[in-house]
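Asks: Got a structure for you, written out below as structure tokens; questions coming shortly.
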Amino acid sequence: MNAAIENLGTFWSGFVTTLGLVALSGVFSFLGGLVLASFAISTNPLLRRISMAYIGLMRNIPAAAHLFFMIFILPLLGVKASFFALAIAGITVYFSAYYCEAIRSGINAIGKGQLEASRALGLKNRQTLLLIVLPQGLSNSVPPLINTTIALVKVTAIAGVFGVTELFGTMLQLINVNDSAVIALMVMTAIMYSVITIPAALAAAAIERKVTFSS
Amino acid sequence: MMSTELFDRPGPIARRRARLWTAAVAVAALAIAIWAVAKLASQHVLDGNNWIVLTHPDVLSALLTGLLATLKVAGVSVVLSLVLGLFIALGRMSKRRWLNVTSRIWIEALRGLPELLLIFFIYLGFPAVTGASISTFWALVAGLVLYESASMAEAFRAGFLALPKGQSEAATALGVRYIKTLRYILLPQVIRQILPNLVSEMVRVTKASSLGFVIGYVELLLTGEQAIEYLGGQYAVPIFAGVAVLYVVICLILSRVSTILSKRLA
């Protein structure tokens, strides 16, 4: 365990990079998901098709393949960007589809009566969307959004293999120089991931219980 | 798929407006597509000669071999995680406190860790602890099974909890032992219920098996990478496209099976 404790500072900087990766790609993916979800519930058939095609395509390509494309292949085509930025791009392309599904599941859970009532009150489509559908839909989708974000945290580990020194990449580098302390270094990494994911999972479960009780 | 009750059925004015917007969106999408094609063409990505590589028998057979290796990992992992997940679910529902707590910790701990880290735990940890070596295939399978056992256990538990209580009560009243109740009464019903779940599990594992790329198990993604290294960068996009299409096709077929199954069984 000594090797892990001595390198706590190195781990910490990896941890911070992971948090940065999660925050940036999380925000971008959420925005992408919001756009895709608004396409999916649009009255415009073409937008609905685009959204469905995007989800069907991107969700079924593995995360590792997305990162491989961004970090290995794009530079071959003359794109110049840091590994960090390319990793964010790859994760965003992949996770936008999942955030869209999370938001849509929240919107689909809105009671039909809400929409009938808003129509009966004479609200326009845009008003229904902004005042009735989105506020309730988004608050319904908080638990799935947290769960999707947990999945995102776990996927960022793959970026460590593609040259980003986040938590997993840091671990790989440390293992390279202290190969006698493999287990301790891996346990330390596991603890640091759990520090993010386990409280988030508990929060999602607690919010879900609260939502089911109140409705 | 999408709730259609969200808005009123559009009238003539709304339909005309929708048509107008559709046209506008189509023009915008077309413009983006043309821009992308021009950009790709300027990098010689679209040169037909590069794409012909996908019809080359060696490339095709390499990709198909990679696909088979991917499916092999996915199949073995799903079966093993099914078995392990069942035992953990039984432990989680057990009245013995230590069993219950252990399975709960197992589920919570493993669900919070990246699959890649679990694969490395086996791949580097197993030799470090036992001194024996482990093949990349089994390291990949074991890591995936560890990860998936947690979600499989939760799926099983949900299946058991959804069964009417009368089923096991009737079995107890008839004097059927626990193991037999499980084997002949509860499990057949639970499996039926979680079958669609299982197929989507298969999709997840198929995608996750691409992590074999990292530890050097030659599955579909690593096959693609090796082909690109061997043939040269100008073939990168066509070969990647081939790999991506294979993943998408397999996953779409599996998702379709899952939808059909859940409709059949509902």
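The values are calculated or read from the model by the stated rules, or taken from the named source; none is laboratory data. No experiment lies behind these values; they were computed from the predicted model shown. Glycine gets a Cβ as well: all are built from the backbone with ideal geometry, and neighbour counts include every protein chain shown. Please note that ligands, DNA and RNA were not included when accessible areas were found on the heavy atoms of the full protein model with its side chains. Shrake-Rupley method; radii C 1.70, N 1.55, O 1.52, S 1.80 Å.
Asks: Please work out how many pairs of lysine residues in chain B are eight or more positions apart (or on different chains) and have Cα atoms closer than 20 angstrom.
Replies: Eligible lysine pairs with Cα atoms under 20 Å apart amount to 4.
Asks: Now, a different point. List the residues of region B:23-45 that lose 50 Å² or more of accessible area once all protein chains are present, compared with their chain alone (1.4 Å probe, heavy atoms only, no ligands or nucleic acids).
Replies: Those are B:Val25, which lose 50 Å² or more relative to the chain on its own.
Asks: Let me ask something else about it. What is the local net charge at A:Ala97, summed over the other residues whose Cβ is closer than 12 Å to its Cβ (Lys, Arg +1; Asp, Glu -1)?
Replies: +1
Asks: In addition: Give the distance, in whole Å, between the Cα centre of region A:68-116 and the Cα centre of region B:77-116.
Replies: Between the Cα centre of region A:68-116 and that of region B:77-116, the gap is 30 Å.
Asks: Going by the alpha-carbon gyration tensor, a ≥ b ≥ c the square roots of its eigenvalues, is region A:60-139 rounded (a/c under 1.5) or, if a/c is not under 1.5, prolate (a/b greater than b/c) versus oblate?
Replies: Verdict is prolate for region A:60-139.
Asks: Who wins for biggest fluctuation among B:Met93, B:Met202, B:Met152 in a Gaussian network model of chain B, springs between alpha carbons below 10 Å?
Replies: Residue with maximal mean-square fluctuation among B:Met93, B:Met202, B:Met152: B:Met93.
Asks: Sticking with this one: Please report, as a whole percent, how much of the solvent-accessible surface of region B:56-265 comes from carbon and sulfur atoms (probe radius 1.4 Å).
Replies: 66 percent
Asks: Using a probe radius of 1.4 Å on heavy atoms only, what accessible surface per residue do you get for chain B? Whole Å² is fine.
Replies: 55 Å²
Asks: Return the single residue from B:Phe126, B:Phe160, B:Phe137 with maximal mean-square fluctuation; model: Gaussian network over chain B, springs between Cα atoms under 10 Å.
Replies: Highest fluctuation of the listed residues: B:Phe126.
Asks: Probe radius 1.4 Å, ligands and nucleic acids left out: can you give me the accessible area buried at the B-A interface, summed over both chains, in Å² to the nearest hundred?
Replies: Heavy-atom accessible area buried at this interface is about 4400 Å².
Asks: Next up: Net charge around A:Ile150, counting only other residues with Cβ within less than 15 Å of its Cβ (Lys, Arg = +1; Asp, Glu = -1)?
Replies: Cβ neighbours under 15 Å give a net charge of -2.
Asks: What ³J(HN,Hα) values, in whole Hz, does the Karplus curve 6.51 cos²θ - 1.76 cosθ + 1.60 give for region A:48-54 when θ = phi - 60°, with x put for Gly and Pro?
Replies: Result, rounded to whole Hz: 4, 4, 4, 4, 5, 5, 4.
Asks: Give me the angle, in degrees from 0 to 90, between the Cα long axis of helix B:97-111 and the longest principal axis of the Cα atoms of chain B, rounded to the nearest 10.
Replies: Value to nearest ten degrees: 0.
Asks: Which whole-Hz couplings ³J(HN,Hα) result when phi for each residue of region A:38-47 is put into the Karplus expression 6.51 cos²θ - 1.76 cosθ + 1.60, θ = phi - 60°, listed in order with x for Gly and Pro?
Replies: Result, ordered by residue: 5, 5, 5, 9, 5, 7, 8, x, 5, 4 Hz.
Asks: What's the angle, to the nearest 10 degrees (0 to 90), between helix B:57-92's Cα axis and the longest principal axis of chain B?
Replies: Between the helix axis and the principal axis of chain B, the angle is about 30 degrees.
Asks: Using a cut-off of 15 Å between beta-carbons, work out the net charge of the residues near B:Cys251 (Lys and Arg +1, Asp and Glu -1, B:Cys251 not included).
Replies: With Lys, Arg at +1 and Asp, Glu at -1, the neighbours total +1.
Asks: Next up: Helix B:236-265 sits at what angle to the longest principal axis of chain B, using alpha carbons and giving 0 to 90 degrees rounded to 10?
Replies: Taking the Cα atoms of chain B, the angle to B:236-265 is about 40 degrees.
Asks: Averaged over its residues, how many other protein chain Cβ atoms are within 10 Å of peptide A:174-183's Cβ atoms?
Replies: 2
Asks: Do you know which residues of region A:61-84 lose at least 10 square angstrom of accessible area in the protein assembly compared with their chain on its own, with a 1.4 angstrom probe?
Replies: By number: A:Ile61, A:Pro62, A:Ala64, A:Ala65, A:Phe68, A:Phe69, A:Phe72, A:Ile73, A:Leu76, A:Leu77.
Asks: Residue by residue through region B:41-55, which ³J(HN,Hα) values in whole Hz follow from phi under the Karplus form 6.51 cos²θ - 1.76 cosθ + 1.60 (θ = phi - 60°), with glycine and proline marked x?
Replies: 5, 5, 9, 6, 6, 8, 4, x, 4, 5, 7, 4, 4, 5, 8
Asks: Whole number please: convex hull volume per residue, Cα atoms of chain A, in Å³.
Replies: Spread over its residues, the Cα hull of chain A gives 133 Å³ apiece.
Asks: Listed highest first by mean packing, meaning other Cβ atoms within 10 Å per residue, what order do B:248-259, A:140-151 come in?
Replies: Most protected by this proxy first, the peptides run A:140-151, B:248-259.
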